[in-house]
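A short worksheet on the structure shown next.
The values are calculated or read from the model by the stated rules, or taken from the named source; none is laboratory data. Note that the coordinates shown come from a computational prediction; the quantities given were computed from them, not determined experimentally. All Cβ positions, glycine included, derive from the backbone under ideal geometry; neighbour counts span all protein chains shown. Each accessible area value is taken on the protein alone, full model and side chains, heavy atoms only, with ligands, DNA and RNA left out. Shrake-Rupley method; radii C 1.70, N 1.55, O 1.52, S 1.80 Å.
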Amino acid sequence: MTSTLQAAFIERFREPNTQYLPPAQIGDVFGFQVQELAERAHVHCSIPSTRPQAARLQKYLQEMVTVVGVATEMSGDLGRAAFLMRKEPLRTFGYRTAADLIQEGRADALMVYLDSLAGGAAG
């Protein structure tokens, strides 16, 4: 996904008139409760409600949306891409899901892997 397409995809999720991604909306896409998003982002459970612009939370949400953008481009469907990110174990990563890898801070490695799949180099 080119950076222009990626930026346009991410913009679809941005909270109007703000500079952040809304935790509740991202949670809805992936089927996560807001408290689960907080846990996965390694922030206190009140942060998504009280400080949705918190840097650590926003970094996690940005990575989730970036990866789902690439996965959507590959699968052709946002709902399917989000489902696969949560449920499909990736053999290359010891059968961890994409959502697990992002939670573990391995979004960069995941993006390299997805880029190789999109390019036909792996799979």
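What to note about this one:
- Spin-label model, residue 78/residue 39: points 7 Å from Cα along the beta carbon direction are separated by 2.6 nm.
- Accessible area (Å², per residue) of the range 19-123, counting only protein heavy atoms and a probe of 1.4 Å: 53 Å²
- Scaled radius of gyration (Cα, divided by 2.2 N^0.38 Å) that the range 1-68 gives: 1.04
- Multiplying the residue separation of residue 14 and residue 49 by 0.36 nm and subtracting their alpha-carbon distance yields 11.0 nm.
- Given +1 at the Cβ of Lys and Arg, -1 at the Cβ of Asp and Glu and no other charges, the dipole of the range 71-123 around its Cα centre is 200 debye to the nearest 20.
- Close amide H contacts of residue 96 (hydrogens built in the peptide plane, cut-off under 5 Å, sequence separation of 5 or more or a different chain): 90.
- For the chain, the equivalent ellipsoid derived from the alpha-carbon gyration tensor has semi-axes of 24, 17, 12 Å in decreasing order.
- Apportionment of accessible area to carbon and sulfur, the chain, percent (1.4 Å): 51 percent
- Residue-wise HN-Hα coupling along the range 7-21, computed from phi with Karplus coefficients 6.51, -1.76, 1.60 (Hz; x: Gly, Pro): 4, 5, 5, 5, 4, 4, 9, 4, 5, x, 6, 9, 10, 9, 8
- Dipole magnitude for the chain: computed about the Cα centre from +1 point charges on Lys and Arg Cβ and -1 point charges on Asp and Glu Cβ, it is near 160 debye.
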